[in-house]
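The values are calculated or read from the model by the stated rules, or taken from the named source; none is laboratory data. It should be emphasised that the depicted structure is a prediction, and the values quoted were computed from it without experimental measurement. A quick note on method: Cβ atoms are made from the backbone with ideal geometry, for glycine too, and the neighbour counts reach across all protein chains shown.
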Amino acid sequence: MTGDAIHPAWLPDEAWQAVGSRRVLVRADGPLARTVMQEATRATDHHGGSVGDDGRFDLVLALTDTVGLPDTAASVLAELDYRSGRGTLGTEGFALARRGGVTVVLADGTAGLLYGLFHVVRLGEAAFGAALPLDVHHPVTARRMLNHWDNIDTHPVMGQVERGYSGGSIFWRDGGLTPDLDRIRAYARLLASVGVNAITVNNVNVHATEAHLLTDRLGDVAALADVLRPYHVRVHLSVGFNSPTALGGLPTADPLDPDVRAWWAETTRQVYAAIPDFGGYVVKADSEGQPGPFGYGRTHAEGANTLAAALEPFGGVVHWRAFVYDHRQDWRDRSTDRARAAHDHFAALDGHFAGNVILQVKHGPIDFQTREPVSPVIAAMPSTHLAVELQVTQEYTGQQRHVCYLGPMWSEVLAFTPWGATRPTVAEVASGVAHGDERAAPGRRPSGQGGLVAVSNVGDDPFWTGHPLAQANLYAFGRLAWNPLLDPATLLDEWIDLTFTPAATADPGLLRRTLHEVMDGSWQVYESYTAPLGVGFMVRPGSHYGPDVDGYEYTPWGTYHFADRDGIGVDRTRATGTGYTGQYPKPWSDVYESLASCPDELLLFFHHVPYTHVLHSGKTVVQHIYDTHFAGAERVALMRSNWARLGDAGLVAPDVDARVRERLDEQMRCAQEWRDQINTYFYRKSGILDAHGRRIH
Ligand code: GCU
């Protein structure tokens with residue numbers, strides 16, 4: 001890909017029409033203010049507005065400490081002062097109001113102005129219509145991060161981007177830094193527009209070449225940081241726990257060894273000499289073959305704290321991943337439960353992590369399945385900074401060949417209340433305000449570390465994300481990280497309105513309506529034709545694409561469904577199973593323990609039941625499986641014909657239309673394959689006929 005072929009995603013020139021046709025005044029200095037100025041100029045050049053100070057303006061973007069603000073902006077500032085006071089917006093917040101025909105964005109810091117500008121872009125003409133009351137916006141989570149699982153080299157099995165479905169890496173090409181920095185800049189701009197402020201640029205599985213990014217290839221990381229900085233995106237690096245031996249030539253990587261500690265301190269000092277605003281390290285340790293503190297008889301707290309001590313003088317953080325489990329389990333051993341592993345390893349360490357360690361916890365206890373309960377680790381670490389990790393790349397949700405809008409899933413996870421209805425949500429834990437009975441709310445500044453992290457779905461594909469509609473997942477992640485209370489359907493509207501230019505047609509609502517029809521429930525549709533009732537996996541080992549019901553059943557990976565002739569599911573109860581339900585606080589430890597109260601969609605995650613078990617829905621398990629699988633494949637057919645209406649009416653660009661049609665054809669084929677394999681498998685196991693006599697093979 002070269003720079004000129006970059007698809008604009010949700011920031012096409014048309015999205016800037018409202019701002020670009022106005023007179024814009026920017027009153028701020030510094031690098032980010034220059035970005036604001038450049039963005040405004042680019043838009044006004046395109047749409048005929050102007051940027052400058054000739055005393056007449058429609059949009060003012062100014063810092064709150066500006067001397068001599070224009071009258072309208074000064075009156076908004078006076079109201080802000082009266083309400084909460086300047087200085088309360090934080091480094092990233094902004095206030096917005098429209099009065100007297102002028103739209104005013106005020107911020108205490110230039111990052112707030114940048115975010116404010118993108119907010120005005122999102123509002124479009126609504127930002128320049130009727131008066132708008134003063135509205136204050138803060139990110140709820142302080143660190144909103146994407147992890148790229150990108151390798152410099154192409155891995156023989158995983159390709160260049162591990163679990164990447166969008167081509168090669170946008171950062172690395174031909175064994176080094178990409179020459180296409182325009183694309184990185186365009187990416188940074190997209191990230192800033194949705195509020196993402198941190199990224200890692202290499203895989204959590206740190207291979208031999210990529211390990212050197214920490215030392216002799218650091219210049220490449222610094223070059224990336226230079227491109228990302230104008231958009232307020234900080235660079236972090238995935239590092240190997242064994243770096244002192246692999247890179248430093250030391251005989252050990254024991255985190256308590258003084259030479260090891262000195263090596264980390266000196267190496268980190270050099271990182272900051274090259275990249276003063278470097279964010280910190282991400283570490284996958286003792287996980288799926290990666291080295292870690294267990295190899296030296298040390299705890300994960302001891303391991304994490306050594307890296308944290310090296311970063312601390314510079315204000316850096318360690319994201320230490322909690323994805324630690326035994327991937328060499330004996331399938332015959334029914335007592336080992338992979339779902340338990342993270343809690344078993346980490347809960348007892350609460351309170352032992354340094355203040356700049358952030359424990360990065362996958363949202364579910366297993367591995368980004370289509371349906372999992374929320375990880376009990378999130379409720380077990382009140383004295384530890386936590387980040388919740390989501391997966392924007394669709395490893396287990398259709399690999400960007402299937403439409404699967406994940407906003408609703410993330411929203412459900414973020415709104416989950418691990419301690420019961422009136423207590424903090426997962427989002428509040430991630431934003432650092434949960435403990436001490438504080439409540440986070442939009443407009444409230446986060447009090448601590450922590451944050452939301454997601455595995456990116458971006459590559460060097462012309463549409464960034466393989467499936468053009470998968471751009472919406474990236475968009476929704478950023479927006480939910482900024483404010484977890486946002487409604488995923490509203491986010492879809494935002495994304496649609498920015499991305500697609502409405503054509504003048506007899507039915508102006510068709511585009512938006514159809515995209516909602518195709519995308520709104522697509523996560524549930526995907527769930528309905530794949531693994532049922534929370535049991536997970538049933539995917540092809542290795543690639544994780546397409547059905548293979550017993551593919552993982554007799555492997556060491558700890559992901560089993562235990563289907564036999566009588567029933568299916570994993571008994572994770574305290575009474576008769578692995579005891580995993582006991583890792584939750586009340587009420588969930590009881591809700592999940594009991595067949596009577598366990599939600600249907602998670603039934604097989606927690607219980608082993610006969611095929612004739614009757615769900616809350618009134619259906620038996622096996623009939624539910626048949627019904628959902630037939631219905632799921634039908635829904636995909638409907639998605640495909642709905643989309644075709646748009647394409648036939650010429651409402652989307654031909655290249656986007658062609659790509660989406662090709663993907664929907666594959667989704668249809670794959671959904672039918674899932675339907676037939678799953679239904680046939682359970683019919684053969686159970687011998688129970690479909691009540692409706694449909695075709696099962
Ligand atoms: C999954 C995925 C791996 C990845 C791992 C992780 O298991 O399949 O490719 O490395 O998650 O999150 O570390």
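Among the residues of region 541-557 satisfying the criterion of being assigned to a loop (DSSP other than H, G, I, E, B) and under 16 Å from residue 529 (Cβ atoms), which is nearest to the ligand (Cβ to nearest atom)?
544
With 331, 320 as the choices, which residue is modelled with pLDDT of 95 or more and within 14 Å of the ligand (Cβ to nearest atom)?
320
Might you let me know whether region 205-226 holds any residue that is crowded, with 17+ Cβ neighbours inside 10 Å and under 28 Å from residue 486 (Cα atoms)?
no
Can you tell me which residues in region 74-100 are of a type in the set (A, V, I, L, M, F, W, C) and more than 12 Å from residue 113 (Cβ to Cβ)?
Matches in region 74-100: 74, 76, 77, 78, 80, 97.
So in region 162-192, with the set limited to residues that are closer than 17 Å to residue 463 by Cβ and among the hydroxyl-bearing types (Ser, Thr, Tyr), which one is nearest to the ligand (Cβ to nearest atom)?
Ranking the qualifying residues of region 162-192, first place goes to 165.
Can you find, within region 308-363, the residue that is farthest from residue 555 (Cα to Cα) among those that are among the aromatic types (Phe, Trp, Tyr) and part of a helix (DSSP H, G or I)?
Here the answer is 314.
List the pairs whose first member sits in region 99-111 and is assigned by TED's automatic domain parsing to the domain that holds residue 60, whose second member is among the charged types (D, E, K, R) and at pLDDT below 95, and whose Cβ atoms are under 7 Å apart, counting only residues at least 6 apart or on separate chains?
Hits for this filter: 108/86.
From the set of residues in region 534-548 that are surrounded by 19 or more Cβ atoms within 10 Å (Cβ to Cβ) and touching a Ser or Thr at 6+ places or on another chain (Cβ under 9 Å), which is farthest from residue 159 (Cα to Cα)?
The extreme case among them is 534.
Whether any residue in region 520-540 is more than 16 Å from the ligand (Cβ to nearest atom), in a loop (DSSP other than H, G, I, E, B) and of a type in the set (Asp, Glu) is what I want to check.
Within region 520-540 (the criterion being more than 16 Å from the ligand (Cβ to nearest atom), in a loop (DSSP other than H, G, I, E, B) and of a type in the set (Asp, Glu)), the answer is yes, since at least one residue qualifies.
Of these, 628, 612, which one is in contact with a Ser or Thr (Cβ under 8 Å, 6 or more places away or on another chain) and surrounded by fewer than 21 Cβ atoms within 10 Å (Cβ to Cβ)?
Within the list 628, 612, the selection yields 612.
Given the criterion within 16 Å of the ligand (Cβ to nearest atom) and among the aliphatic types (A, V, I, L, M), identify the matching residue among 136, 157, 120.
After ruling out the rest, the residue left standing is 157.
Among the residues of region 22-38 satisfying the criterion of being crowded, with 18+ Cβ neighbours inside 10 Å and in contact with a helix residue (DSSP H, G or I) (Cβ under 6 Å, 6 or more places away or on another chain), which is farthest from residue 229 (Cα to Cα)?
Once the filter is applied, the top-ranked residue is 24.
Scan region 344-371 and report the pairs whose first residue is without any contact (Cβ under 8 Å) to a residue 60 or more places away in the chain and closer than 17 Å to residue 450 by Cβ and whose second residue is within 15 Å of the ligand (Cβ to nearest atom) and part of a loop (DSSP other than H, G, I, E, B), with Cβ atoms within less than 6 Å and a gap of 6+ or a chain change.
These pairs meet every condition: 346/322; 359/322; 361/322; 361/375; 362/323.
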